[in-house]
Amino acid sequence: MSERTEESILRVEGLKKYYDTSSGFIDSLLGRGRSVKAVDDVDLELREGETLGVVGESGCGKTTLGRSILRLIKPTDGTVYYRDEELTAVSNVRLRRLKKDLQYIFQDPFASLNPRLTVGDIIGEPLDVHDLADGEERTERIGELLETVGLNASHTRRYPHEFSGGQRQRIGIARALAVDPEVIVCDEPVSALDVSVQAQILNLLEDLQDEFGLSYIFIAHDLSVVEHISDRVAVMYLGEIAEVGTTEEVFSPPHHPYTEALLSAIPEPDPLWEDEQITLPGTVPSPIDPPSGCRFHTRCPRIIQPDDYELTQAEWRSIVDLKLQTGDAESVGSLATTEEESVELSSLTRDRLDELIRSEYSLPRRVSDEQAEEVLSSAIDRLHAGEIADANERLDSAFVSPCERRPPDQYRTGDAHRIACFLYEEENDEHDSAGRADAVVED
Amino acid sequence: MALLEVEDLTVEFYTQEGVVTAADGLSYRIESGETFGVVGESGAGKSVTALSLMRLIESPGRITSGEIRFKGQDILGMTEQEVRSIRGNEIAMVFQDAQTALNPVYSVGEQIAEAMRHHLGYDDREAKERTIQLLDTVNIPEAESRYSDYPHEFSGGMQQRAVIAMALSCDPDLLICDEPTTALDVTIEAQILAEIEELAEEFDTAVQLITHDLGVIAEVCDRVMVMYAGKPVEKAPVEELYYDPKHPYTVGLMSSIPRVGDDRDRLQTIPGTMPDLVELPTGCSFHPRCPFAEEVCTRKQPSLIDADRDGTLDADHVAACLEYTGDLTEGLDYEVVVEGSDEERVVEEDQNV
Ligand SMILES: Nc1ncnc2c1ncn2[C@@H]1O[C@H](COP(=O)(O)OP(=O)(O)OP(=O)(O)O)[C@@H](O)[C@H]1O
Ligand code: SF4
Ligand SMILES: [Mg+2]
């Protein structure tokens, strides 16, 4: 176990949260019972007074991570330290006390406030739970909190439905502030808000941080928001941390291929913007059965080719796509579609099928590597014979990326910049010859 | 003649609190093949415009005045049957929530095929073939085997694609997309927007794209209308709107979005929130939030006028601000900064500290 640095206030090691789906509705949906690896072996650190942004696509495990860190849900494995104490091991009584310091602001300002309580009682609740104030003092404190978040102290008797989305989010923030916390996990606090209101809330969160010395974990799927508010950023993909570092290190310029793709996908509010967009194929694979090796390899535009070939990157990506799809496909028809008639693929000539498949996967008539071309065309022969499994086997044994074989470690390219991608394996050796990828902090 | 002409459209909802004017004297036109954006925050009345075009405003709402002409035909004067033959056929619609557009008890393929059998009179085989082609066009992988999947077996992005395929199935002249990507991740959003653009080009379909996201508008639209509290406040070709915004609300919107690579510590904000549509402020509806508001703004309601003041009658850049009728004494004071070689654009309001 590594030493904690002076400034780290929360430290997460090997955190896992698997949801058992053996008897849930997801189970009946998929007709099987296996575990969803929502958070899978995450190491992170939150430093005193900083904002750590967590970004990633929907379902990648951001909310689960935030909640398991605060022990709002019980992690499957791993440890979380708050200052010197192991949150994952303390007694329930102690945990209740510690929870005062650790607050959570919810994703949905509409669902997270009890509609039957007045705003005064919503904000007063944590005061009561932790015995922090009563009577006159309680009323005063509530009024003070409302004013801190930009609402009117006279609003205490109103109900949540009388407020707009932005105002409700302010109420949620006031409630979190009530107990004078150290850390707040903000789960998509502005995602449901209009842009003009979003800006108000982001500014408010920053002001409060300065005023009360708060540390934030700020979860969002919107990269521009995270980039704006964070000191450091962790990018998540399928339950894992793909990259973590200072906002500068992570975004300018981007390093991990996934971060790069996410960044380029943001629609720029500028009609003359002409950056080449990287389009990721498909959607995030299921966390029940994540891809082998680097979990991003099924979509990664920069997936590494084995030394045996000298294909262009685009050819290599397409060949891997073809390989992956022959593994899943039920019929040759699902690999290529004709304009004229989609059904009668079996009656096509070998050459016509070859043409269709290459056009479907944007492959040239002959790929630039002789040896690769040989395998490819023999696989197409097998497809023409209707032998998908055989074709898949050929592709599978000839085309294996190092990215599929084993998961990348978190390579260190700077002081605190860690990238889980084989493209940075060598830089890692230069920076950190000890190569302890799971070390959280260095002194 | 434009493909679609909306003139002076007013839509009211009769609620317990009072009359909500969700669209107030709205006029715009869409030429065939162009992509027209409608942008604004929630409650601005964006969706109401879309529903009106399809005559889908339901009680307690009512179109109280105005005209909607599609290819010169008066939509509001049509019989219900005539409207139905246009709906889903010549004008198709894609909503934010793909799930509600798909029927959970029929397979995705069947639903699209059914639309074609109904509107185009295809037989079963033709309809199925064409459906598979369309699913493939919108990049559903393995379209053929996915044909018989049920909506719940599709991811959110795939459902939205299927809805787009369904909307395109009858080769409409106008496609209305209401927040088509709002519920989706940026990576999927990028795919879907690229598809809408490509398809619009390929089939020469005009698109009315409704969104709150200025990034989305910049990426796909030719012309834009900005709405605030039920009224259009600015209309312009897309480049002019971003590089030379004329209405203080547009300026405020632009300066409040965080952008990657811009290192402002604080975002500029528009103080306050959208007013209650039951009780609109007097004069210019935006005046309580406008950093440039003067006394006259509380009294006089601005109308959309030529903001370049070049006197052309059919100006293509118009804004509803008293600045352009010469009523303001101090004038507007903001600057559009185009930074650096990568053309980064940041709008700054000098008065709004
Ligand atoms: N209670 C649960 N039981 C089973 N699976 C769950 C449960 N909660 C979440 N999951 C699954 O865990 C994964 C991660 O979910 P999580 O809500 O943490 O993602 P997220 O990144 O917060 O997504 P979003 O951006 O949509 O909020 C998903 O695949 C989700 O379906
Ligand atoms: S390890 Fe390979 S697949 Fe994973 S991100 Fe890096 S290049 Fe892409
Ligand atoms: Mg979440």
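The values are calculated or read from the model by the stated rules, or taken from the named source; none is laboratory data. Keep in mind that this is a model prediction, so the values were computed, not measured. Positions of Cβ are generated from backbone atoms using ideal geometry, with glycine treated the same way; all protein chains shown enter the neighbour counts. All accessible areas refer to the heavy atoms of the entire protein, side chains included, with ligands and DNA or RNA removed. Shrake-Rupley method; radii C 1.70, N 1.55, O 1.52, S 1.80 Å.
If you plug the beta carbon distance of residue A:108 and residue A:162 into 1/(1 + (r/R0)^6) with R0 = 22 Å, you get a FRET efficiency near 0.80.
In debye to the nearest 20, how big a dipole does segment B:56-131 give about its Cα centre with +1 on each Lys and Arg Cβ and -1 on each Asp and Glu Cβ?
Values: 9 positive and 13 negative charges, 26 e Å.
Once rounded to the nearest 20, the dipole reads 120 debye.
From the alpha carbon centroid of segment A:139-199 to that of segment A:78-107 is 23 Å. Think of chain A as a dipole: +1 on every Lys or Arg Cβ, -1 on every Asp or Glu Cβ, centred on the Cα centre; then among A:379, A:91, A:305, A:91 lies furthest on the positive end. Shape analysis of chain A places it in the prolate category; the axes a ≥ b ≥ c from the Cα gyration tensor give an a/c of at least 1.5, with a/b above b/c.
Residues whose amide H lies under 5 Å from that of residue B:178, counting only those 5 or more places away or on a different chain, are B:94, B:95, B:96, B:210; hydrogens are built 1.01 Å from N in the peptide plane.
Remark on segment A:192-215: accessible area falls by at least 30 square angstrom from chain-alone to full-complex state for A:194, A:195, A:196, A:199, A:200, A:203, probe 1.4 angstrom. Each DSSP beta bridge with both residues in the protein assembly as shown is either parallel or antiparallel, and the antiparallel ones are about 65%. Taking 12 Å as the cut-off, the amide N atoms of segment A:277-316 that come nearer than this to a point 7 Å along the Cα-to-beta-carbon line of residue B:198 belong to A:279-282.
Remark: accessible surface ordering of B:201, B:189, A:162 (largest first) is B:201, A:162, B:189, probe radius 1.4 Å.
Order the following by accessible area, largest value first: A:316, A:273. Probe radius 1.4 Å; ligands, DNA and RNA are ignored. Before the final figure, lay out each step's value.
On the way: A:316 0, A:273 85 Å².
Highest to lowest solvent-accessible surface, that is A:273, A:316.
In a simple Cβ point-charge model (Lys, Arg +1; Asp, Glu -1; nothing else charged), segment A:8-264 has a dipole of about 1080 debye relative to its Cα centre.
Each residue of segment B:144-156 was assigned a 3J(HN,Hα) from its phi angle through the Karplus expression (A = 6.51, B = -1.76, C = 1.60, θ = phi - 60°), giving 5, 7, 7, 3, 9, 6, 8, x, 5, 7, 9, 6, x Hz with x at Gly and Pro. Applying 1/(1 + (r/R0)^6) with r as the Cβ-Cβ distance of residue B:14 and residue B:264 and R0 = 56 angstrom yields a FRET efficiency of 0.80. In plain terms, the C-alpha convex hull of chain B casts an average shadow of 19.7 nm² when viewed from every direction.
Any of A:100/B:46; B:71/B:231; B:46/B:128 with alpha carbons more than 31 Å apart? Name them for me. In this structure, A:100/B:46; B:46/B:128 lie more than 31 Å apart at Cα.
Expressed in nm to one decimal, what extension gain is obtained for the pair residue B:74 and residue B:117 from 0.36 nm per residue of sequence separation less their Cα-Cα distance? Provide the component values of the computation, followed by the final result.
Details: separation 43, 0.36 × 43 = 15.48 nm, distance 2.69 nm.
Value of the extension gain: 12.8 nm.
Classification of the protein assembly as shown by its C-alpha gyration tensor yields an oblate form. The axis ratio a/c (a ≥ b ≥ c) is 1.5 or more, and b/c is at least a/b.
Inter-part distance, segment A:209-239 to segment B:51-94, computed on C-alpha centroids, equals 45 Å. Phi angles of segment A:246-254 translate, via the Karplus equation with coefficients 6.51, -1.76, 1.60 and θ = phi - 60°, into HN-Hα couplings of 5, 3, 4, 4, 6, 9, 10, x, x Hz per residue; Gly and Pro are given as x. Bridges between two residues of chain A, per DSSP, are antiparallel at a rate of about 60%.
Around the amide H of residue B:224, modelled in the peptide plane, lie the amide H atoms of B:37, B:236, B:238, all under 5 Å away and 5 or more residues distant in sequence or on another chain.
Inter-label distance, residue A:83 to residue B:97: 4.6 nm, where each label sits 7 Å from its Cα along the C-beta direction. Would you be so kind as to identify which of A:254, B:249, A:139 lies farthest towards the positive end of the dipole of the protein assembly as shown, taking Lys and Arg as +1 and Asp and Glu as -1 on Cβ and the Cα centre as origin? Highest projection toward the positive end goes to A:139. Solvent-accessible surface of chain A, taken per residue with a 1.4 Å probe and all protein chains present: 44 Å².
Partners of residue A:37 within straight-line reach, counting lysines whose Cα lies under 23 Å from its Cα and excluding those fewer than 8 residues away in the same chain: A:16, A:17, A:62, A:74. The phi-based Karplus calculation (6.51 cos²θ - 1.76 cosθ + 1.60; θ = phi - 60°) puts the 3J(HN,Hα) values of segment A:89-101 at 10, 5, 5, 4, 5, 5, 4, 4, 5, 5, 5, 4, 7 Hz, whole numbers, x for Gly and Pro.
At a probe of 1.4 Å, how much accessible area disappears from chains A and B on forming the pair, both sides counted, to the nearest 100 Å²?
4300 Å²
Farthest toward the positive end of the dipole of the protein assembly as shown, out of A:66, B:212, A:294, is the Cα of A:66, where the dipole comes from beta carbon charges about the Cα centre.
Scoring B:297-303, B:15-21, B:229-235 by mean Cβ neighbours within 10 Å over their residues and listing the highest first yields B:229-235, B:297-303, B:15-21. Ranked by the mean number of other Cβ atoms within 10 Å of their residues, highest first, the peptides A:62-68, A:414-420 come out as A:62-68, A:414-420. For the residues of B:268-276, the average number of beta carbons from a partner chain within 10 Å of their own beta carbon is 5. In segment B:123-140, the residues whose accessible area drops by at least 40 square angstrom when the other protein chains are added to the isolated chain are B:129, B:133, B:136; the probe is 1.4 Å and only protein heavy atoms count.
Based on alpha-carbon centroids, what's the gap between segment B:240-273 and segment A:269-331 in Å, whole number please? Cα centroid to Cα centroid, the span is 36 Å. Of the residues A:400, B:6, ranked by 1.4 Å probe accessible area with the largest first, the sequence reads A:400, B:6. Annotation: amide H of residue A:9 within the under-5 Å range of A:46, A:47, A:48, sequence separation 5 or more or interchain, hydrogens built in the peptide plane.
Loop-located GluC sites (Glu not before Pro) in segment B:262-296 (DSSP state other than H, G, I, E, B) with a sparse environment of at most 11 neighbouring Cβ atoms within 10 Å: B:279.
To the nearest 20 debye, what charge dipole does segment B:4-225 have about its Cα centre, counting +1 at the Cβ of each Lys and Arg and -1 at the Cβ of each Asp and Glu? Walk me through the numbers before you get to the answer.
Working: 15 positive and 42 negative charges, 105 e Å.
The dipole of segment B:4-225 has a size of about 500 debye.
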